[in-house]
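As structure tokens, the structure follows; a few thoughts come after it.
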Amino acid sequence: MSISASPVPQTGIPDVYHSTFESLRLGSSSQNIVSGLLRFWNSLNFKKDREFMGITVLFLDENVNSVVYEFIPVRRANHYMPYLKACSIVKVDRFEVVRCTSMYMITYHPFLIRFISPTIIDEVITGAPQTISSHN
């Protein structure tokens, strides 16, 4: 699937284009986002002796009103862990967007992002402020 909205430039970062959370579409595609990586934590299954299930990540959109969470399954956790830095701005490319079930909903956004084998995450800004402005 393709994104219907045009990519927008990230503030202060030349040649970095992305889509906002509002333009996310269900499915796997070449979608990409640039957002604040607020925090991440290990997700454990407490019914199975605290079995490690993967990593949950919270992303903050430019409009600051929107937080989307992302789940990295256990089989991909070691690969992506070195790229996760709280309070950084990251660009995430080639991921899957799925509906968030009410049972696992931790944000108000109806979608969640899943890292799949072609997903790439790159840090754009280190030590970014907690809020992201849409203009300089």
Q.
Please give me the summed charge of the neighbours of residue 53: other residues whose Cβ is under 11 Å from its Cβ, Lys and Arg +1, Asp and Glu -1.
A. +3
Q. So which aspartates and glutamates can residue 85 reach, going by Cα to Cα under 13 Å and dropping same-chain residues fewer than 8 places off?
A. 122, 123
Q.
Just to check I understand the Karplus step: with θ = phi - 60° and J = 6.51 cos²θ - 1.76 cosθ + 1.60, what whole-Hz values come out for the range 73-79, glycine and proline as x?
A. x, 3, 5, 10, 4, 4, 5
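Readers should treat all values here as calculations from the given coordinates under stated rules, not as data from a laboratory. In this text the structure is predicted, and so the values were computed from the model without any measurement. Positions of Cβ are generated from backbone atoms using ideal geometry, with glycine treated the same way; all protein chains shown enter the neighbour counts.
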